[in-house]
1. For the range 260-316, build the convex hull from the C-alpha positions and give me its volume per residue in Å³.
2. Mind checking the dipole of the range 25-150: about its Cα centre, +1 per Lys or Arg Cβ, -1 per Asp or Glu Cβ, Debye to the nearest 20?
3. Just how much of TYR9 is accessible, in Å², when a 1.4 Å probe is used and the result is rounded to the nearest 10?
4. Could you point to the residue in TYR262, PRO184, THR41 farthest towards the positive end of the chain's charge dipole, with +1 and -1 charges on the Cβ of Lys/Arg and Asp/Glu respectively?
5. Two decimals is fine: what is log10 I(q)/I(0) at q = 0.20, 0.22, 0.25 Å⁻¹ for the range 3-106, from a Debye sum with one equal scatterer on every Cα and no solvent?
6. Take the Cα atoms of the chain, find their three principal axes, and give me the spread along each one in whole Å, biggest first.
7. For the range 103-150, state the average projected area of the convex hull of the C-alpha atoms over all orientations, rounded to one decimal in nm².
8. Could you work out how far the C-alpha centroid of the range 107-144 sits from that of the range 163-212, in angstrom?
Amino acid sequence: LMDYFGRKYLDTVNNVAHVGHEHFRVVKAGQEQMALLNTNTRYLHENINLLARELLSTLPKELCVVHFVNSGSEANELALRMAKAATGEKDFIASQVGYHGNTNACVDVSSYKFEGKGGKGKPEHTHIFPLPDAFRGKYRGSGSGKLYADEVQKCIDAIHEKGRGLAGLIIESIISCGGQIELPKGFLKNAFSYVRKAGGICISDEVQTGCGRVGKAFWGFELHDVIPDIVTIGKPLGNGHPIAAVVCTREIADKFANGMEYFNTFGGNPVSCAVGQAVLKVVKEEDLQEQAFLNGFYLKSALGQLAKEYPVIGDV
């Protein structure tokens with residue numbers, strides 16, 4: 001990022017500019033498509049297929065159906081709706097201090113919002129388990145993952161005690177608003193197992209963590225050796241342009257296609273899809289996932305050294 005004096009800055013705050021501010025290839029792709037044609041998505045255009053293909057190539061084969069939308073909030077809203085359609089239920093489980101967007105349904109599963117200033121507390125059909133923080137959470141240390149997963153099971157039991165069924169679990173692969181909390185080992189695998197045994201849908205919110213940001217993998221859920229039923233993607237996909245996506249299994253897609261037609265005027269329009277394609281190609285061709293891994297490792301290691309010198313740093 002450069003200011004009007006020509007000074008260069010590394011922007012470590014703006015988490016939307018995924019491949020850098022105004023990356024030339026991304027800007028050019030958007031400009032060229034906008035100069036040619038932009039339509040609503042009732043009109044077919046090859047760009048939506050090209051972006052879908054590019055996106056699916058990064059995901060497990062089970063996740064094979066894409067719905068394009070305009071924002072992470074909209075992606076999570078649609079995912080919640082899909083889970084309700086697939087299960088016929090409306091009770092959701094989510095993490096303490098979790099945040100999933102600004103629509104009504106998203107706020108209803110976002111403890112960060114409804115338990116904060118101006119919030120009205122937990123809705124009837126939302127069930128919150130403790131923040132899975134192995135450093136200063138309810139359970140601590142190497143074995144805490146299973147204990148936090150057992151808290152998810154307690155939520156399932158509470159739903160069943162009310163004579164209702166589970167729609168699903170929604171969780172970020174790294175808890176963002178809760179403090180960049182990495183999920184403890186074993187938590188996600190056990191939690192997904194409990195949810196599926198109860199007939200629920202597993203939703204991975206990759207709005208903050210997707211598209212190579214975690215370095216070791218392209219998607220945050222891959223760090224935990226699990227495959228969600230639904231993945232939601234937002235911020236990084238458009239590098240500042242409003243594009244997002246919901247990717248799900250064929251089974252979920254078929255149950256969602258129940259006759260109530262889903263249509264999105266701008267989700268998947270030719271310009272947005274051109275931008276999304278350019279972003280994914282830049283990530284791949286400029287080895288940005290590897291850069292994320294190397295720079296992230298360096299930053300964490302250096303901060304770890306500082307922690308030895310300054311006891312005010314408890315954990316990195």
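The values are calculated or read from the model by the stated rules, or taken from the named source; none is laboratory data. As the structure is a prediction and not an experimental result, all values here were calculated from the model. Cβ sites come from the backbone with ideal geometry, for glycine too, and all protein chains shown count toward neighbours. Protein only, heavy atoms only, side chains kept; ligands, DNA and RNA dropped before computing areas. Shrake-Rupley method; radii C 1.70, N 1.55, O 1.52, S 1.80 Å.
1. Value for the range 260-316: 155 Å³ per residue.
2. Here the range 25-150 has a charge dipole of around 320 debye.
3. 110
4. The listed residue farthest towards the positive side: PRO184.
5. -1.31, -1.36, -1.40
6. 62, 58, 39
7. Computing the convex hull of the Cα atoms and averaging its projections yields 4.1 nm².
8. Taking the Cα centre of the range 163-212 as reference, the centre of the range 107-144 is 12 Å away.
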